[in-house]
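**Student:** Pasting a structure here, questions to come.
The values are calculated or read from the model by the stated rules, or taken from the named source; none is laboratory data. Note that the coordinates shown come from a computational prediction; the quantities given were computed from them, not determined experimentally. Reconstructed Cβ throughout: ideal geometry from the backbone, glycine too, with neighbour counts over all protein chains shown.
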């Protein structure tokens with residue numbers, strides 16, 4: 001039997017793995033091996049569906065950062081979430097992408113590999129604020145873009161009728 005890694009021994013990191021699984025691969029399409037989670041289901045809600053997923057992904061990254069992820073690894077994780085959020089915001093194509101990409105599961109695999117290589121570093125307090133700020137800016141831009149789109153649509157339909 002393999003020796004458990006610090007990842008497997010830390011309840012908070014097991015929590016991250018469980019939440020990531022819930023978001024990206026909790027459910028299976030009967031008769032197939034194809035899995036999906038709550039993230040693509042939330043993205044089916046027009047305009048604001050991606051915001052809860054972005055917030056939860058941010059919390060997961062911050063938790064991983066506080067428990068051993070290196071700065072380089074956190075940047076890779078944030079790019080996974082950013083790609084998932086930006087492409088996921090595109091109507092129809094984004095929905096398909098959300099069902100296939102699974103950014104949170106990718107991030108957990110990256111962290112597991114990081115731990116398996118013995119590279120975990122303990123607390124990454126220095127990067128927590130930077131990553132939190134980046135995710136807040138992305139979320140703010142999504143809210144601003146949604147507001148501007150709704151405003152433009154309102155004016156368009158107001159003039160059309």
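**Student:** In region 90-110, which residue that is assigned to a helix (DSSP H, G or I), at pLDDT below 85 and over 13 Å from the mean Cα position of the chain (by Cα) is surrounded by the fewest Cβ atoms within 10 Å (Cβ to Cβ)?
**Tutor:** 95
**Student:** Cβ-Cβ distance below 7 Å, separation of 6 or more or different chains: which pairs start in region 141-161 with a residue that is closer than 18 Å to residue 54 by Cα and end on one that is not in a helix (DSSP H, G or I)?
**Tutor:** Once the first residue is closer than 18 Å to residue 54 by Cα and sits in region 141-161, its partners that are not in a helix (DSSP H, G or I) give 142/89; 146/47; 146/48.
**Student:** Could I ask something else about it? Checking the conditions here, which among 68, 58 is assigned to a loop (DSSP other than H, G, I, E, B) and either at positive phi or under 13 Å from the mean Cα position of the chain (by Cα) (or both)? Working first, answer last.
**Tutor:** Numbers: 58 fails: assigned to a loop (DSSP other than H, G, I, E, B).
Sole residue among the options that is assigned to a loop (DSSP other than H, G, I, E, B) and either at positive phi or under 13 Å from the mean Cα position of the chain (by Cα) (or both): 68.
**Student:** Return only the number of the condition from (1) more than 20 Å from residue 17 (Cβ to Cβ); (2) surrounded by fewer than 15 Cβ atoms within 10 Å (Cβ to Cβ) that residue 55 does not satisfy.
**Tutor:** Failed condition: (1).
**Student:** Considering only region 27-41, how many residues are surrounded by fewer than 19 Cβ atoms within 10 Å (Cβ to Cβ) and assigned to a helix (DSSP H, G or I)?
**Tutor:** The initial filter retains those residues of region 27-41 that are surrounded by fewer than 19 Cβ atoms within 10 Å (Cβ to Cβ), namely 27-36, 38, 41.
With assigned to a helix (DSSP H, G or I) added as a condition, the list becomes 38, 41.
Qualifying residue count, region 27-41: 2.
**Student:** Only one of 81, 131 is at pLDDT below 80 and surrounded by 15 or more Cβ atoms within 10 Å (Cβ to Cβ). Can you tell me which?
**Tutor:** On the way: 81 fails: at pLDDT below 80.
Being at pLDDT below 80 and surrounded by 15 or more Cβ atoms within 10 Å (Cβ to Cβ) holds for just one of 81, 131, which is 131.
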